[in-house]
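Here is the structure we will look at.
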Amino acid sequence: MKLNQIADKPGARKKRMRIGRGIGSGMGKTGGRGGKGQTARSGVRIKGFEGGQMPLHRRLAKRGFRNTPFALVLNEINVGKVQIAIDAGLIDAKVPVDAAAMVKAGLMRREKDGVKLLGDGEIKTKVEFSVWRASKSAIAAVEKAGGTVKVLAPAKEQDEIPKGKNKRKALEAAKGGDKPKGGKPKAEAEGEQKPAE
């Protein structure tokens, strides 16, 4: 092996595409710019247009479910911002801090569907929070400072029989009801072997 014999793997080095060098360049004529006419005008919707015929995406039925109309819109507030508001005297730490108190302090414009408390930043003051949701890190930070977090969101009810094949298999394995594949266990098979005569 010599230095002049060392080479990259095929495809490791790719030649730069030379634009605007004619039809034989590989990026022929327009150089990737398309044509003139309708495509050169603004407000054109060529994709999906079928000459006035009802396009395919409108002929097909709508299917599936979207949670968008039902999803809760929450304000996300970090504990560090709440501490800054307390230091500035905008929030009274002696009374429970809820969404209304945060709106009054200017931390958010409106209450929306509630507040989710996040754990970024540092909180030093003992505060009693009343929020819709809170992250584990936020709860830990508030409790470390001597405060409490009251979560208003209802607890999620877990199904007795979990949905999904993999989750059911995991539950059966945890309970010990999953039988090993390939017949009997090794210990039982050895016990049934007859002693050699």
Sole exception among (1) in contact (Cβ under 8 Å) with a residue 24 or more places away in the chain; (2) out of contact with any Gly (no Cβ under 7 Å at 6 or more places or on another chain); (3) open to solvent by 60 Å² or more (accessible area, probe 1.4 Å); (4) in a loop (DSSP other than H, G, I, E, B) for Arg63, by number: (1)
Matching residues in region 7-52 - criterion: being open to solvent by 100 Å² or more (accessible area, probe 1.4 Å) and in contact with a Lys or Arg (Cβ under 8 Å, 6 or more places away or on another chain): Ile23
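Hey, can you tell me all the residues within region 75-95 that are part of a loop (DSSP other than H, G, I, E, B) and loosely packed, with under 15 Cβ neighbours inside 10 Å?
Those that are part of a loop (DSSP other than H, G, I, E, B) and loosely packed, with under 15 Cβ neighbours inside 10 Å: Ala88, Gly89, Asp92, Lys94, Val95.
Could we say that Val44 is in contact with a strand residue (DSSP E or B) (Cβ under 9 Å, 6 or more places away or on another chain) and either free of Cβ contacts under 8 Å to residues at least 24 places away in the same chain or closer than 30 Å to Ala145 by Cβ (or both) here?
Working: in contact with a strand residue (DSSP E or B) (Cβ under 9 Å, 6 or more places away or on another chain): no; either free of Cβ contacts under 8 Å to residues at least 24 places away in the same chain or closer than 30 Å to Ala145 by Cβ (or both): yes.
It is false that Val44 is in contact with a strand residue (DSSP E or B) (Cβ under 9 Å, 6 or more places away or on another chain) and either free of Cβ contacts under 8 Å to residues at least 24 places away in the same chain or closer than 30 Å to Ala145 by Cβ (or both).
Is it the case that some residue within region 51-59 is of a type outside the set (A, V, I, L, M, F, W, C) and in contact with a helix residue (DSSP H, G or I) (Cβ under 6 Å, 6 or more places away or on another chain)?
Residues of region 51-59 that are of a type outside the set (A, V, I, L, M, F, W, C), as a first pass: 51-53, 55, 57-59.
From the residues that got through so far, the ones that are in contact with a helix residue (DSSP H, G or I) (Cβ under 6 Å, 6 or more places away or on another chain) too are none.
Checked against the condition, which is being of a type outside the set (A, V, I, L, M, F, W, C) and in contact with a helix residue (DSSP H, G or I) (Cβ under 6 Å, 6 or more places away or on another chain), region 51-59 yields no hits at all.
Please find, among Lys116, Lys126, Lys144, the residue that is open to solvent by 70 Å² or more (accessible area, probe 1.4 Å) and farther than 15 Å from Ile84 by Cα. Walk me through it before giving the result.
Numbers: Lys116 fails: open to solvent by 70 Å² or more (accessible area, probe 1.4 Å); Lys126 fails: farther than 15 Å from Ile84 by Cα.
When all the criteria are applied, what remains is Lys144.
The values are calculated or read from the model by the stated rules, or taken from the named source; none is laboratory data. As the structure is a computational prediction, the values presented were derived from the model and not from experiment. Because the Cβ atoms are built from the backbone with ideal geometry, glycine has one as well, and the counts that use them run over all protein chains shown. Side chains are part of the model used for accessible areas, which takes the heavy atoms of the whole protein and leaves out ligands, DNA and RNA. Shrake-Rupley method; radii C 1.70, N 1.55, O 1.52, S 1.80 Å.
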